[in-house]
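See below for the structure under consideration.
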Amino acid sequence: MGFTLEVAGNRTGIAVNALNQFETGAIEPNGDELLILADVYLKDFTIYLSSNSPDTLDRSKELYRLAGEATGESISNEDREAIQEFEFLCEAEHDMEEMLHRAKRYSFHFFTPKQLHKDQGEEVARQLRGILDLPDDEVSPNIYTLFRQLGVHLFRRPLRSRSMSGLFIMHPVAGRCLLINYEEDVYRQRFSVAHEMAHAIFDSALGIHVSPKTRRGVDLVELRADTFASHFLIPTPILRELSKRRAWTSEDVVEYAQKLRVSGQALAYALLKRNFISSERYEEVRQARIPRDNKLDPELPVDSSPIHALLAQKILDKGLSTYYVNLAFDAYEQGHISRGKLKSNLLLSEAEVMELGTLVRRKI
């Protein structure tokens with residue numbers, strides 16, 4: 001995690017001298033110390049006892065290495081911790097779904113094609129929209145909910161790296177997991193989650209894939225993911241209708257992008273790649289900027305009371321989802337997890353859990 005011994009000592013309450021002796025092998029931690037270390041590093045304590053533990057730890061190291069290569073920068077300790085929390089949340093969500101016998105709503109066959117070509121992105125986007133009952137002339141509503149109903153674990157958490165849009169992990173227990181950078185523009189996040197979904201569909205064999213915000217050179221894997229995201233969010237019939245207009249003002253571009261809930265750049269990309277506009281026109285359209293205050297986050301209720309809107313915003317700001325919070329309280333209320341485990345699964349303090357319970361009207 002990149003902690004110094006002093007930081008680890010503050011986090012665990014274990015003396016720095018003892019931690020140093022653990023690392024050098026001079027002494028072994030006792031049972032309580034193992035549990036404390038596992039809690040701080042968000043790992044099952046058995047990884048410290050099992051011969052398979054290097055696989056788990058090496059996967060984290062590989063993830064951080066790939067993130068550094070993709071973004072061209074050293075991944076910060078804060079982002080390491082955010083990613084570690086993300087993996088923990090995915091596994092906890094999986095476990096609670098199993099306890100509660102929660103089945104995915106839609107059935108979709110994830111696969112790894114033998115050959116790679118960008119047309120796969122368009123084909124599978126069209127197939128998936130059909131499975132999700134989304135008409136070709138309709139903008140997808142809350143795609144976060146839709147993807148969760150396919151059995152994908154999805155969290156939006158702040159990342160300090162401005163170069164990382166998101167990442168995909170094929171978790172050994174939880175399965176397909178998507179992390180989206182919550183620091184990014186709301187509409188950029190919508191494109192990012194569709195992009196990462198493509199990696200979950202096509203690239204599970206990679207195990208880990210980190211998506212940088214900007215690309216260096218031509219990457220067919222990324223191009224296929226972009227193609228999928230573009231066709232899933234903006235079906236061709238919608239673009240065909242838009243392209244019939246002979247002239248667009250900048251106000252028109254903003255209006256259409258707002259209706260589609262995509263950025264001007266995403267709209268321009270879709271129009272250009274499907275030969276509806278010239279490269280010169282593309283440069284004009286991509287410059288359109290939608291006022292930040294006008295952008296709608298699909299996970300925030302529009303027509304709701306102020307208290308519900310505040311609750312949803314608080315949940316998002318903590319890097320959780322309303323689905324996950326309700327799942328955790330259901331597991332607690334039905335006796336599957338203890339009060340301590342509820343607090344642990346939510347990554348919140350006792351006071352924060354009590355406050356959240358009051359807001360969602362759950363008795364603790």
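Taking the criterion of being buried (at least 19 other Cβ atoms within 10 Å of the Cβ) and hydrophobic (A, V, I, L, M, F, W, C), the residues of segment 123-146 that qualify are Val124, Ala125, Leu128, Ile143, Leu146. From the list Gly13, Gly31, Gly25, the one residue that fits, being loosely packed, with under 12 Cβ neighbours inside 10 Å, touching a residue at least 12 places away in the same chain (Cβ under 8 Å) and farther than 22 Å from Cys90 by Cβ, is Gly13.
Pairs meeting the criteria (first residue in segment 102-113 and under 23 Å from Tyr324 (Cα atoms), second residue assigned to a loop (DSSP other than H, G, I, E, B), beta carbons under 7 Å, at least 6 apart or on different chains) are Lys104/Gln149; Lys104/Leu150; Lys104/Gly151; Arg105/Gln149; Tyr106/Leu132; Tyr106/Gln149; Tyr106/Leu150; Phe108/Leu150.
Quick check on this structure: which one of Gly340, Gly335 is closer than 19 Å to Met99 by Cα, part of a helix (DSSP H, G or I) and without any contact (Cβ under 8 Å) to a residue 24 or more places away in the chain? Reasoning before the result, please.
Details: Gly335 fails: part of a helix (DSSP H, G or I).
Of Gly340, Gly335, the one residue that is closer than 19 Å to Met99 by Cα, part of a helix (DSSP H, G or I) and without any contact (Cβ under 8 Å) to a residue 24 or more places away in the chain is Gly340.
Looking at segment 1-114, the helices (runs of 4 or more DSSP H) lying wholly inside it that each contain 3 or more residues that are over 30 Å from Gln334 (Cα atoms) and in the same structural domain as Arg160 (by TED's automatic domain parsing) sit at 53-71, 77-100. Taking Phe45 as the residue in question, decide whether it is in contact with a Leu (Cβ under 7 Å, 6 or more places away or on another chain) and either basic (Lys, Arg) or closer than 17 Å to Leu159 by Cα (or both). So Phe45 does not fit the description; no. Taking segment 162-202 as the range and being touching a strand residue (DSSP E or B) at 6+ places or on another chain (Cβ under 6 Å) and surrounded by fewer than 20 Cβ atoms within 10 Å (Cβ to Cβ) as the test, the residues that pass are Ser163, His171, Tyr182. Scanning segment 128-153 for residues that are under 22 Å from the mean Cα position of the chain (by Cα) and assigned to a helix (DSSP H, G or I) yields Leu128, Arg129, Ile131, Ile143, Tyr144, Thr145, Leu146, Phe147, Arg148. Scanning segment 236-273 for residues that are assigned to a loop (DSSP other than H, G, I, E, B) and either assigned by TED's automatic domain parsing to the domain that holds Asp185 or out of contact with any Leu (no Cβ under 8 Å at 6 or more places or on another chain) (or both) yields Lys244, Arg245, Arg246, Ala247, Trp248, Thr249, Ser263.
Here's the yes/no breakdown for (1) assigned by TED's automatic domain parsing to the domain that holds Arg162; (2) assigned to a helix (DSSP H, G or I); (3) within 13 Å of the chain's Cα centre (by Cα); (4) of a type in the set (Val, Ile, Thr):
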site	(1), (2), (3), (4)
Arg190	yes, yes, yes, no
Val193	yes, yes, yes, yes
Glu196	yes, yes, yes, no
His199	yes, yes, yes, no
Ala205	yes, yes, no, no
Val210	yes, no, yes, yes
Thr214	yes, no, no, yes
Val218	yes, no, no, yes
Phe228	no, yes, no, no
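Checked against (1) at pLDDT below 90; (2) within 22 Å of the chain's Cα centre (by Cα); (3) within 26 Å of Gln149 (Cβ to Cβ); (4) buried (at least 17 other Cβ atoms within 10 Å of the Cβ), Gln265 passes all but a single condition, namely (3).
Please verify whether Arg339 is of a type in the set (Lys, Arg) and assigned by TED's automatic domain parsing to the domain that holds Lys244, treating the condition exactly as stated. Judged against the criteria, Arg339 is not a match. Here segment 274-303 is the region considered, the condition is being out of contact with any helix residue (DSSP H, G or I) (no Cβ under 9 Å at 6 or more places or on another chain) and in a helix (DSSP H, G or I), and the residue that is surrounded by the most Cβ atoms within 10 Å (Cβ to Cβ) is Glu280. Listed by first and then second residue, the pairs with beta-carbon distance under 8 Å, at least 6 apart or on different chains, first residue in segment 308-324 and within 23 Å of Glu91 (Cα to Cα), second polar (S, T, N, Q) and buried (at least 20 other Cβ atoms within 10 Å of the Cβ), are Ile315/Ser321.
If you check Asp203 against the conditions, is it charged (D, E, K, R) and in contact (Cβ under 8 Å) with a residue 60 or more places away in the chain? Judged against the criteria, Asp203 is a match. Scanning segment 343-364 for residues that are of a type in the set (S, T, N, Q) and not in a loop (DSSP other than H, G, I, E, B) returns Ser344, Asn345, Thr358.
The values are calculated or read from the model by the stated rules, or taken from the named source; none is laboratory data. Bear in mind the structure is a predicted one, so any value in this text is a computation, not a measurement. Please note: Cβ atoms are built from the backbone with ideal geometry, for glycine as well, and neighbour counts cover all protein chains shown.
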